[in-house]
Amino acid sequence: MDLSKPLAYRMRPKNLEEYVGQEHILGQDKILYRTIKADRLSSIILWGPPGCGKTSLGRVISETTKYKFTKINAVTAGVSDIKKVVEEAKNVFLNPTGKCILFIDEIHRFNKLQQDALLPFVEDGTVILIGATTENPYFEVNKALISRSMVFKLEPLTTEDIFKVLKMSLEREEGLKSFNIKVEDETLRKIAEVSNGDVRTALNGLEVAVLTTKVDKDGFINITNEIAKDSVQNRKAIFDKNGDSHYDNISAFIKSMRGSDPDAAIFYLARALNGGEDPMFLARRIVIQAAEDVGMANPQALVVATSAMQAVHMVGMPEAKLILSEAAVYVATSKKSNATYLGINRALQDVQTMDTGEVPMHIRNATREGMEQFGYGEGYKYPHDYPGHFVEQQYLPDKMLGTKYYIKDDTIE
């Protein structure tokens, strides 16, 4: 084993027995485990965050299959590379089976033309596709490819999974066994926890700690909690402001405010800010929540949220976090009513799908001289001329009489 290569590369599993994690798809009774073991794999797409084991699973398959296995990266490859793989697969002298497994890392980087170039060969079975992606394939991969593949979602590795891999790295020749390392399990767990599901981050952090720590007087490389903390730095945030985590996090932020949980609202706000989310986007979401979910139960929430959005625009980060937090908490702790939200949606549904009739003549304006003779404004009662500034009269069209859109709920005093 070439010890000059990164530890994360050296520790990639060679078979399913060495593979750690993803039991929900690789347990011995699961379809993916059984098809890999039987070498009966069909086209699949592996979807999951960085460091969860997509590429490692591709390597395991390459070690267990009888088919020609080729790996390319969508960042650097093009249509010509796909054609070359297909030509080699069809060459009976080089490849008697007439088919191959093609592992494409970052398949979401392929454009539509490149993905379309794969289709006929996936269709006729010449190519068994394994696509790996960190992005939601239902958004980023052609529907035609999706329909011809099984999609497996890989989850971030658990702290226990990563701890197990770190322990293995200390015990294996291809890992760090040749170093005289002294490290407590508690320290390894700290590294595993701070890596946030990314085993590559954990292994790289441990390797940095080992390579940058001097041997003590007893001949040991002693990895302490402090050294581990310096080597891994801050907890790695699983957040891509342009990807799935953006949508998941903003959904959780919105639902936390709607559900009157200020602690959760602040937490998801912090995750978004830490991940580089645009503060103005977050401010706009708070304004929308104030109107949609607080509504008439506390109309002041919309005033607070709008003021917060203006303040965020004027102040900017990092101080904008204080303004966003205050507004989010205000919305989360306010009484809630979606009566106006439901009302406008019901009204829009009616005007889009029904014959709702004409505006009553008495509440129309005679905008031009002479229109009065046609009944415009005739019989209109001016409410301020009546006690309490109110008088009963018809406002809805005849066809909509009796329809209720704004239904006041108990939260509105």
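Points worth noting:
- Residues of segment 119-139 classified as on the phi > 0 side of the Ramachandran plot and in contact with a Pro (Cβ under 7 Å, 6 or more places away or on another chain), total: 0
- The set of residues from segment 334-357 being touching a residue at least 60 places away in the same chain (Cβ under 8 Å) and part of a helix (DSSP H, G or I) comprises ALA339, THR340, LEU342, GLY343, ILE344.
- Qualifying residue in segment 58-71 (condition: of a type in the set (Val, Ile, Thr), in a loop (DSSP other than H, G, I, E, B) and closer than 23 Å to ASP116 by Cα): no
- Selection count, segment 359-374, where residues are open to solvent by less than 50 Å² (accessible area, probe 1.4 Å) and under 17 Å from LEU396 (Cβ atoms): 2
- Output for segment 169-225, where each listed residue is aliphatic (A, V, I, L, M), open to solvent by 30 Å² or more (accessible area, probe 1.4 Å) and more than 37 Å from the chain's Cα centre (by Cα): ILE181, VAL215
- In this structure, ALA327 qualifies as in contact with a helix residue (DSSP H, G or I) (Cβ under 7 Å, 6 or more places away or on another chain), among the small types (Gly, Ala, Ser), surrounded by 20 or more Cβ atoms within 10 Å (Cβ to Cβ) and farther than 30 Å from LEU396 by Cβ.
- Qualifying residue in segment 387-408 (condition: open to solvent by less than 100 Å² (accessible area, probe 1.4 Å), closer than 30 Å to THR306 by Cβ and assigned to a loop (DSSP other than H, G, I, E, B)): yes
- Verdict on PHE163 being among the aromatic types (Phe, Trp, Tyr), in a loop (DSSP other than H, G, I, E, B), farther than 30 Å from PHE110 by Cα and at pLDDT 85 or above: no
- Residue match in segment 161-182 (condition: among the basic types (Lys, Arg) and farther than 17 Å from ARG12 by Cα): yes
- Of all residues in segment 70-104, those being open to solvent by 20 Å² or more (accessible area, probe 1.4 Å) and either of a type outside the set (Phe, Trp, Tyr) or in contact (Cβ under 8 Å) with a residue 12 or more places away in the chain (or both) number 21.
- Against the criterion of being part of a loop (DSSP other than H, G, I, E, B) and surrounded by 13 or more Cβ atoms within 10 Å (Cβ to Cβ), GLY377 qualifies.
- If you filter segment 58-72 down to residues that are in contact with a helix residue (DSSP H, G or I) (Cβ under 8 Å, 6 or more places away or on another chain) and not hydroxyl-bearing (Ser, Thr, Tyr), you find that the one that is nearest to ILE162 (Cα to Cα) is VAL60.
- As a summary of the residue check, THR356 satisfies the conditions (1) open to solvent by less than 20 Å² (accessible area, probe 1.4 Å); (2) β-branched (Val, Ile, Thr); (3) at pLDDT below 90 except for the one numbered (1).
- Cβ-Cβ contacts under 8 Å between residues 6 or more apart (or on different chains), taken from a first residue in segment 131-154 that is in contact (Cβ under 8 Å) with a residue 12 or more places away in the chain to a second residue that is part of a loop (DSSP other than H, G, I, E, B) and of a type in the set (A, V, I, L, M), are listed as GLY131/VAL141; THR133/VAL141.
- For segment 337-353, a tally of residues being open to solvent by less than 60 Å² (accessible area, probe 1.4 Å) and of a type in the set (D, E, K, R) returns 1.
The values are calculated or read from the model by the stated rules, or taken from the named source; none is laboratory data. Source: prediction; values computed, not measured. For neighbour counting, all protein chains shown are included, and Cβ atoms are generated from backbone atoms with ideal geometry for every residue, glycine included. Note: accessible area is taken over every heavy atom of the protein model, side chains too, but ligands, DNA and RNA are not part of it. Shrake-Rupley method; radii C 1.70, N 1.55, O 1.52, S 1.80 Å.
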